[in-house]
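Throughout, read-outs are computed from the coordinates displayed, never taken from laboratory work. Since the structure is predicted, the reported quantities are computational estimates derived from the model, not experimental observations. Cβ coordinates were reconstructed from backbone atoms using ideal geometry, including for glycine residues, and neighbour counts include every protein chain displayed.
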Amino acid sequence: MNVRHALVETALGQITLVASGDVVTGLYFPHHLRMPARESLGEQVAVEHDALLADAATQLEEYLSGGRRAFELPLGADGDAFQHAVWSIVAEVPFGETTTYGAIAERLGDKALAYRVGQAVGANPLCVFVPCHRVVGANGKLTGYAGGLKRKRALLELEEPAPVSAGRLF
């Protein structure tokens, strides 16, 4: 497969986009908690010279500027069956809404799976594209995010409905 990556500057800082063949396989922040080894990212290409990565970068910028609510990209995350089941549920969480690790575990048939769900969410290589920032703790508390809690908060605030953000004091 033709694995390659590009670095793009965004409102959230520099992001590494990774593709393999004709699918996007990764979106990583600097100091990402589970950043793959550099050699597994393939060759670095200029984003404007790769149609797929350019499309991913454009859609990401549109989302971050408030002009896009969903991504229309071919995605191909590498993971086991359980992770894919979790990521599939996460991908269904609508823009502007959140869910909990426990709710995902319940959908998988066992609330006791919440810890494993958390591990799978944390291993999501396509954060933002598969919106793991929309998964919060049982009490609504912001919990771990591979890109850092500051970015998780920023993404949730970006998606916050106008009446909610207007009434917020911070």
Sequence-separation-based contact order of the range 58-125, relative, with Cα cut under 8 Å and 6+ spacing, percent: 30
Computed over the chain, the ratio Rg/Rh where both radii use C-alpha atoms and Rh is Kirkwood: 0.96
Estimated dipole of the chain in Debye, rounded to 20 [Cβ of Lys and Arg +1, of Asp and Glu -1, Cα centre]: 800
Residues in the range 1-19 reached by a label modelled at Met35 [backbone nitrogen below 12 Å; 7 Å Cα→Cβ]: 14-17
The chain, relative contact order in percent, only Cα pairs under 8 angstrom and at least six apart counted: 21
Coil-residue GluC sites (Glu not before Pro) of the range 2-93, DSSP, other Cβ within 10 Å capped at 16: Glu72, Glu92
Listed residues Ala146, Asn124, Ala57: farthest to the positive end of the dipole of the range 48-169 (Cβ charges): Ala146
Within the chain, percent of DSSP bridges classed antiparallel, to nearest 5: 65
Crossing angle, helix 51-64 versus the chain [Cα axis fit, 0-90 degrees, rounded to tens]: 30
Translational diffusion of the range 84-156, µm² s⁻¹ [Kirkwood Rh, Cα pairs; Stokes-Einstein; 20 °C; 1.002 mPa s]: 180
Whether the range 1-41 is rounded, prolate or oblate, judged on the alpha carbon gyration tensor where a/c under 1.5 counts as rounded: oblate
Charge sum, other residues only, whose C-beta stays under 12 Å from Tyr63's C-beta, Lys/Arg counted +1 and Asp/Glu -1: -2
CD proxy at 222 nm, helix term only [per DSSP H run n ≥ 4: -39500 (n - 2.57); per residue of the chain; nearest 500]: -10000 deg cm²/dmol
Zone of Lys111's modelled label, taken as backbone nitrogen in the range 123-162 under 13 Å from a point 7 Å along Cα→Cβ: 138-139
Residue-count net charge about Leu155 - beta-carbon cut-off 15 Å; Lys, Arg +1, Asp, Glu -1: +1
Distance from the range 1-71 to the range 99-148 (C-alpha centre basis), Å: 22
